[in-house]
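Note sheet for the following structure.
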Amino acid sequence: MPEQFNWRDAVRSRVSTFGLHPSAEADVVEEVTEHLESQYLELVPRIGADAARAQLLAELNDREFDETAPLLQKREHIPPTRVLGASSFWRDVRYSFRSFRRTPATLFAGATALALGIGLTTLMFSVIYGLLLRGLPYQRSENIATIFRADPQDRGQEDLVPFSDFVRYKSTQRTFAALGGYASATVNVSGGQDAERARVARVTAGFLDVTGVQPIVGRIFGVDDNIVGAPATAVLSFAMWRDRYQLDSTVVGQSINLNGRPFTIIGVMPERFEFPQRERMWVSLQLDPAQFSAGQGLGLTLVGKIRTGISFETANHDLASISKQLAKENADTAAVRDFARPYVRAMVPTRVYALLYAMFAAVLLVLMVSCANVANLLLDRISNRSRENAIRVALGASRGAIFRQTLIESGVVAAYASILGVILAQGGIVAFNRWAADIRADLPFWMDVRLHVPVMLFVIAIATVASLLAGIVPAVLSSRVDPGASLKLGAHVSSTRRVARIGNAFVVLEIALSSALLLTAGFVTTSIVRINDLNPRFRTQDIFTARVTALTKDSAINKTRFEAIESALANTPGIGGVYLGNGIPGTGWSGTRVAIEGRTYDKPRNRPSSRWLAVTPGFFSTFDVAVTRGRAITSADREGTLRVAVVSETFVQRHFPREDPVGKRIRLGDDAVAEWATIVGVVPTMFADSPDGNWPTEVITALWQERQFNNVAIALRGPEESVSLVALRKVLARVAPDVPVSDAATMPELLSRATWPNRVFGGMFVIFAIVALLLAAIGLYAIVSISVGRRTREMGVRLALGATHANVVGIICREGMKQSTIGIAIGFALGAALTQLGRAALFEVKPGDPTVIIAVACVLAATSLVASLMPALAATRVDPARALRAD
Amino acid sequence: MLKDELKKGSTEFLLLALLESEPRHGYDLQKLIESRSKGVLTFSVASLYPLLYKMEAREWIVGRWVEKASERRRRYYDLTPTGRLALEEQRLNWREFVAAINRVTGVKYA
């Protein structure tokens, strides 16, 4: 036997510099090696191994052999798959469709999971876009600003700008193309047909110009309309024009009576124009600037349109320099600052902003969970296809082509998912809008939640990102295939194992994200339950409320009217309680400043503020409110008798912590000469304002001791059929047929309006979390199933060697639960951060509430257990004999 | 040993002729040429394979991997129809060339 020599290596190193395609190189190496080996075997006996080897190596290294290079390059040039070619791109897309047709379940499962993520994200984005980003539906609406006054000494509370200061701004400013102010009011409209209550904005010239919207009939206000003594003018909304004048084109010049005063109609605005807040009409504000010194006059909300090319910063700088000038003239307002903010940003409360963006973050997490699900499905596919991919590489496919093929598959899933997701989002939008119409809350008029073009672009963007997120890891893994190793027998197992490890990581991620969401949702749900269980400390069931308005300016006549209405209602069978007052408890309290006798206040604004209701004695019986000390307000508390007040326990704690409040005297309102009211009783603190935050102090006075009577709130207690708008109108028809009734609602309706953001957005949070949990459970189930499939043989061996079914179930569940535990731990850390973001939606729940954490952990553990138990039980049905024969 | 020029011009003819009767692999061709020319014509891997690949590129011959029982996998070359035509043409040329030489030199083979 001659000495061995590795001719293959020699040939390979000789050929390797030729730059051949791998398959051409493999061919020539094999052919020449075989040649040289045969020749070597024959030469060695004749001339010896060393000489033979030297001769053949010399021949191999002869320059002449280089001539093979160009020939081989030409001969074997099978063009590899072009990575960037358009035709091969479509071929790959067609191939993906074909291969998905063979396994429709993968496509269906992947697209459904991703569609949930894309659908929820799109829904949330369309709400954010329609409410916050789209802005007002006017030209250059991003330049429309509202100007508020902030007093840093009064916790930065926003205030209106006095008329006199507005006049100064208007004449001095240089940064606004249009500037105007308004004060909203609700007035009685008469003249022509029925009396009605309507929301009207008293506006200055320039106000309507801010929007750039032109009237469809007539004109809008000019500077002359604001001059005192000029004819009072009004501009109608389209709705008012339609309802009262049947779109009569000769309406301009006609007269309309507001609170008994005639106004000349000068124009009509286009349909759906309700700026600034669902206005029915605009009237000219007529005030004489000369009458007011700095800081005086009616409080206005200012709106302006900043000139093109000028930033909010510059505009605010301009305002600040005028403010400084004003402060010199009026020491009382020295500290206040007026500042302009984008209209929508200023009008939407910060907590709604925070809530919407927290929810957007939540749906992005759902989207990530669904991406991880798709990634896992693709991983499973490529592990089943590692052999196919190895053959493709061996046959000349480049790794780039395999990489792209996998990405295209995830793109195909994302394409289906985005179509499905848009359908889901559209369903959600319809539901959202229907709910918004049902809720009858004062939603912003500019809110327009639809699949706008930017929303659709957003869908395309997130679908692209999602397909990359879901496809990148599987694509990298699939292109790393090693044809040599993968084509060997049993190689499948090792590559599957690597894929499974990454799949496990994805499942941990899914569980982590959905745990975070579920934890947040747990807190939110708890707070919804607390809100629904909220005890307002007054009766809310079987109570109907409305507001009636007097038609005259004479308070004495109005008072007589209201007293007649009260007694007529009290004598109506079926009505168990009648209340009249200046507001409805709950969200309808008025606010006032309170001065306590014997205490001194530097400035009027330093007096404490309090919620305030002026009530008839019926308040206590209708709302089941009982005094805890002293007495309630009775029918004896009338005009001419001692002025009385009842205060809440919070009021006592705040102002009389160590004294008996009964007998103390307080004075309400800004008027320093108002009559003192003597405290005669104490009631429990009732729910007021919004459900969150501390309940404010409350003062209750006697309605019939008041002086001003324009309108009153009415509450009637009784079964639904006896207390309703119809029943109220029937009684009013007898005693006061012409008074308008407005704001009819039941007490529970009123309360639910105050709490709707918590309930609706909270409910959506819960839906997001449940979707994420389901996706994660499916992901866990899939990964455990794959692992069970991989370990069929092992389980067979274990069963054959005497393992019980319980042992097998235990082994598999332990694996699933290990991932769940890691995932839940990571998720809770994440959830703590998310809860901070979603804090605005929480009510009476602390983000660290242990009962919530434990409950959520139990739900998660149970779900994970079920998801891994199902495949584990399947594993026990393995027949040892068959399992051992497999593979 | 023949001069390189002459050898190059004629070796393609030789290879075509050797492949006429049956497909052969590279080492087989090298041995046959050497033995039949009684050592006058010799080849090495460096001279043989550029030639074979050139002929293959011209589609005169085609190489196929063949596994025979109890033998290693080898690349066998076979004549294509084009190769057969080329062989006929070369034979014709050769005959004319030899006849012309003979007429000029008066050399006569027995």
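The values are calculated or read from the model by the stated rules, or taken from the named source; none is laboratory data. These numbers come from a predicted model, not from an experiment. Virtual Cβ from ideal backbone geometry, glycine too; neighbours counted across all protein chains shown.
Worth a mention:
- Here residue B:71 clears all of (1) within 12 Å of chain A (Cβ to nearest Cβ); (2) modelled with pLDDT under 85; (3) surrounded by 11 or more Cβ atoms within 10 Å (Cβ to Cβ) except the condition numbered (3).
- Per-region count, the range A:606-652, residues β-branched (Val, Ile, Thr), buried (at least 19 other Cβ atoms within 10 Å of the Cβ) and farther than 20 Å from residue A:545 by Cα: 6
- Hey, residue B:48 touching a residue at least 24 places away in the same chain (Cβ under 8 Å), within 17 Å of residue A:28 (Cβ to Cβ), touching a Gly at 6+ places or on another chain (Cβ under 7 Å) and crowded, with 19+ Cβ neighbours inside 10 Å or not: no
- Scanning the range A:538-552 for residues that are outside any loop (DSSP other than H, G, I, E, B), under 12 Å from residue A:749 (Cβ atoms) and among the hydroxyl-bearing types (Ser, Thr, Tyr) yields one hit, A:545.
- Residue B:26 being within 12 Å of residue A:34 (Cβ to Cβ) and either facing another protein chain (nearest Cβ under 8 Å) or surrounded by fewer than 13 Cβ atoms within 10 Å (Cβ to Cβ) (or both): yes
- Candidate set: the range B:29-68, residues that are in a helix (DSSP H, G or I) and among the charged types (D, E, K, R); chosen: the one farthest from the other protein chains (Cβ to nearest Cβ): B:36
- Any hit, the range A:592-605, residues being surrounded by fewer than 20 Cβ atoms within 10 Å (Cβ to Cβ), in contact (Cβ under 8 Å) with a residue 12 or more places away in the chain and in contact with a Phe, Trp or Tyr (Cβ under 7 Å, 6 or more places away or on another chain): yes
- Here is the figure for the range A:8-28: residues that are at the interface with chain B (Cβ under 10 Å from one of its Cβ atoms) and among the hydrophobic types (A, V, I, L, M, F, W, C) total 2.
- A single member of A:42, A:31 is within 11 Å of chain B (Cβ to nearest Cβ), out of contact with any helix residue (DSSP H, G or I) (no Cβ under 8 Å at 6 or more places or on another chain) and without any contact (Cβ under 8 Å) to a residue 24 or more places away in the chain, and it is A:42.
- Scanning the range A:572-615 for residues that are farther than 20 Å from residue A:649 by Cα and β-branched (Val, Ile, Thr) yields A:572, A:575, A:578, A:600.
- For the range A:342-453, the helices (runs of 4 or more DSSP H) that sit wholly inside it and include 3 or more residues that are crowded, with 24+ Cβ neighbours inside 10 Å are A:350-384, A:399-439.
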